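Chemist: The structure that follows is given in the form of structure tokens.
The values are calculated or read from the model by the stated rules, or taken from the named source; none is laboratory data. These numbers come from a predicted model, not from an experiment. Here Cβ is always computed from backbone atoms with ideal geometry, including for glycine, and neighbour counts include all displayed protein chains. Accessible surface is based on the protein model in full, side chains and every heavy atom, while ligands, DNA and RNA are left aside. Shrake-Rupley method; radii C 1.70, N 1.55, O 1.52, S 1.80 Å.
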Amino acid sequence: MKKITVIIALALVFSLQSFDVKAQSAPLSERMTATVLDIWSDSLWTGRPFKWTYDQGVILEGVAAVWQRTGDKKYFDYIKKSMDFFVTEDGNIRTYDKSSHNIDNIKNGRALLLLYNVTGQQKYLKAAQLLRHQLEEHPRTKEGGFWHKRIYPYQMWLDGLYMGQPFYAEYSAITKDTKAFDDIANQFIFMEKNSRDPKTGLLYHAWDESKEQRWANKETGRSPHVWARAMGWYGMGLVDALEYFPADHPGRKKLIDILNRFTEAVSKVQQPSGLWYDIIDVPEGKGNYLESSAASMFVYAIAKGVRQGYLPERYLSVAKKGFEGMKEKFVEEVNAERINFKGTVTVSGLGGKPYRDGSYEYYMSEKVITNDPKGVGAFISAANEMELVAWPKPGLGKTVTLDYYFNNERKKGPVGQDIRYHYTWEDQANSGFSFWKNLFNYAGAKTTSLEEAPSASNLKNSSVYIIVDPDTEKETGKPNFVSQKDIAEISSWVKAGGVLVLMSNDIGNCEFKNFNKLSQAFGIIFNEDQRNTVKGNQFEMAAVNVPADNLIFKTAKKLYIKELSTLKLSGTAQPVIIDKGDVIIATSKVGKGTVVAVGDPWLYNEYVDGRKLPADFDNYAAANDLTKWLLKQAKKINENTF
């Protein structure tokens, strides 16, 4: 009896320990990325040659998503280190062969664009331009579809849409090449038209325009089977490319329609486990199995499609079921920090040497392994999306508008075009608000901008309106100063329930005379001074400690706000943070609305994305705290009376 009691006690201890590990463990996306940073710490793969290959790009997509969700610099550092193995100082790419016209080689261009957008280093832009030039001369089918590779003439594979089109779309958005979006849309349209089964809506792995390949159907040119990962590639390519399409481009709606048809077809073949068979059209075939990379890709594409508004909310249940299925079957616990990912087929292709005939038996012959880069990368992206699903959503039904009228600075873009920068949503460099934009979007809010003077009509759909650092004459040739009419319009909007955020700068870097007329309407004056000047990297000189039980900052304890203007308050205005006797952040209730003011645009990327500040500063957490608080004060658009 004593032995039984001891055994039961030990079992309870181990059970509680196991529960404790799971309860305290990090999100799955971060634990999977921790495995990546461990087993591929030098960005190379054991037993594989040093080579520019798309596998790495799939991993880096996931790592980039985790960086943007956490603001942890180790993720960005890994991306940069991985690409710096290949990109030379003059912008060439080691081991890349443009003449092979391999669409797979375009994939890593997304990491290059991220590095260029964030750092501004020309070597990354030059390397990206090499890939864009490949697309310029890439061989095509008669109707204009990119061949998969030169060695696979006249063939379009579903895989290629993911490898090439998201980069093509992002590059075109950066360079303002709006004409290119016609071509990008056509790639998806051609692929669906030529590979779709009209009965099931599923897409066959590949299509041969010439119909000469042994694997090609002599009437349709399609390959024999529906390979799950190929469909996964196509779905991910759709949602990633759509992100960059101009809102008014006719191809955007066509691609959204394709995504909806794709998702409906995929949802119909989801198994009770939440997963999908490797060969979807032969579910009962001998040896067929549930495959992990495809499940990751479907979950990612569907969850992101819902989050971005391309898909109806009802499809989220498909993603949730798929994610639960993956956790049950494919996620292997290593410890509280790391996991492994099982069940990924290493490769499946068509043609080549030795020849792959596309038969069911061929697909079943390929090896299935643990921690394949394609499966791991796709799972990081999928897990990150599902973690965003669980993110609190106080912004649903609300729109956050950033002023582009009073702040209207311009510079030359990558190909010499005129672009906005400095405290804009789109700017991913140190000076931008792209991280803050993400936080609003993660919280369910829509983000937009206002390029005109504020008025009742153009603010009526805004729940939050942010004005940052109005231009001086040295910054903009003809600055738009705040006028009495602007003050009246904004005041009326606030009194009706709007939430206004005012961010100045220090003296010499902000137009105070007219901006103060606006802030004074709410009992706040920027003192036109400069506090928290920092010498070099002595970051503590700009440290601001958050008092306990703060109105806004519930998780952030230590802020970095440098070279700021302090505030003077009157009327209904109240301090949020006082430091050494100075008011740093304040709020004011006016009518049904709320105003928040701070004397610096301190939430720009440089001090939020984790790359610069020491880890004991909480600016990313502070940005999240402020975001949630602003959205909780704001009304949904249909509740507003303005």
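Chemist: From Tyr116, Tyr96, grab the single residue that is over 16 Å from Ala169 (Cβ atoms), of a type in the set (Ser, Thr, Tyr) and touching a helix residue (DSSP H, G or I) at 6+ places or on another chain (Cβ under 9 Å).
Modeler: Numbers: Tyr116 fails: over 16 Å from Ala169 (Cβ atoms).
The conditions single out Tyr96.
Chemist: Look at Ala294 and say whether it is closer than 27 Å to Val36 by Cβ and touching a Phe, Trp or Tyr at 6+ places or on another chain (Cβ under 7 Å).
Modeler: Yes; evaluated as a whole, the condition is true for this residue.
Chemist: Of (1) under 20 Å from the mean Cα position of the chain (by Cα); (2) on the phi > 0 side of the Ramachandran plot, Gly237 satisfies all except one. Which?
Modeler: For Gly237, the failing item is (2).
Chemist: Would it be correct to say that Pro153 is on the phi < 0 side of the Ramachandran plot and touching a residue at least 60 places away in the same chain (Cβ under 8 Å)?
Modeler: Judged against the criteria, Pro153 is not a match.
Chemist: I'd like the residue in segment 240-289 that is of a type in the set (Lys, Arg) and under 24 Å from Gly358 (Cα atoms) and, out of all such residues, is most open to solvent (accessible area, probe 1.4 Å).
Modeler: So, considering only residues that are of a type in the set (Lys, Arg) and under 24 Å from Gly358 (Cα atoms), the one most open to solvent (accessible area, probe 1.4 Å) is Lys286.
Chemist: Those residues that are out of contact with any strand residue (DSSP E or B) (no Cβ under 9 Å at 6 or more places or on another chain) and closer than 21 Å to Asp257 by Cα, I need them from segment 194-220; list them, please.
Modeler: Matches in segment 194-220: Pro198, Lys199, Thr200, Gly201.
Chemist: Applying the selection to segment 203-239, what residues are open to solvent by 10 Å² or more (accessible area, probe 1.4 Å) and closer than 15 Å to Val266 by Cα?
Modeler: Tyr204, His225
Chemist: Something else now. Give the number of residues within segment 328-373 that are out of contact with any Lys or Arg (no Cβ under 7 Å at 6 or more places or on another chain), without any contact (Cβ under 8 Å) to a residue 60 or more places away in the chain and of a type in the set (Ser, Thr, Tyr).
Modeler: 1
Chemist: On the basis of being modelled with pLDDT of 95 or more, over 17 Å from the mean Cα position of the chain (by Cα) and over 25 Å from Tyr116 (Cα atoms), does Phe379 make the cut?
Modeler: No: the conditions fail for Phe379.
Chemist: Anything in segment 526-562 that is of a type in the set (D, E, K, R) and either under 32 Å from the mean Cα position of the chain (by Cα) or open to solvent by 70 Å² or more (accessible area, probe 1.4 Å) (or both)? List them, or say none.
Modeler: Glu528, Lys535, Glu540, Asp549, Lys554, Lys557, Lys558, Lys562
Chemist: Are there strands (runs of 3 or more DSSP E) fully within segment 429-523 with at least 2 residues that are open to solvent by 20 Å² or more (accessible area, probe 1.4 Å)? List them. Walk me through it before giving the result.
Modeler: Working: elements: 446-450, 464-468, 499-503.
So the answer is 446-450.
Chemist: Within segment 312-355, how many residues are within 26 Å of the chain's Cα centre (by Cα), within 30 Å of Pro224 (Cβ to Cβ), among the basic types (Lys, Arg) and outside any helix (DSSP H, G or I)?
Modeler: Count: 1.
Chemist: A follow-up question, please. For segment 404-423, which positions are part of a strand (DSSP E or B) and of a type in the set (Asp, Glu)?
Modeler: Hit for segment 404-423 is Asp418, nothing else.
Chemist: Quick one: count up the residues across segment 178-195 that are touching a residue at least 12 places away in the same chain (Cβ under 8 Å) and open to solvent by 10 Å² or more (accessible area, probe 1.4 Å).
Modeler: Result for segment 178-195: 8.
Chemist: So which pairs qualify, if the first residue must be in segment 475-493 and within 18 Å of Ala456 (Cα to Cα) and charged (D, E, K, R), the second must be open to solvent by less than 60 Å² (accessible area, probe 1.4 Å) and outside any helix (DSSP H, G or I), the Cβ gap must be under 8 Å, and the two must be at least 6 apart or on different chains?
Modeler: Lys485/Ala453; Asp486/Ala453; Asp486/Pro454; Glu489/Ala453; Glu489/Pro454; Glu489/Ser455
Chemist: Still on this structure: Residues that are surrounded by fewer than 24 Cβ atoms within 10 Å (Cβ to Cβ), out of contact with any strand residue (DSSP E or B) (no Cβ under 6 Å at 6 or more places or on another chain) and hydrophobic (A, V, I, L, M, F, W, C), at least 1 per element: which strands (runs of 3 or more DSSP E) completely within segment 563-633 meet that?
Modeler: 574-579, 582-590
Chemist: A follow-up question, please. Residues Met364, Met386: which one is open to solvent by 10 Å² or more (accessible area, probe 1.4 Å), part of a helix (DSSP H, G or I), modelled with pLDDT of 95 or more and within 23 Å of Glu333 (Cα to Cα)?
Modeler: The match here is Met386.
Chemist: The conditions are (1) over 15 Å from Tyr363 (Cβ atoms); (2) open to solvent by 30 Å² or more (accessible area, probe 1.4 Å), and Met297 fails exactly one of them. Which is it?
Modeler: All conditions pass for Met297, except number (2).
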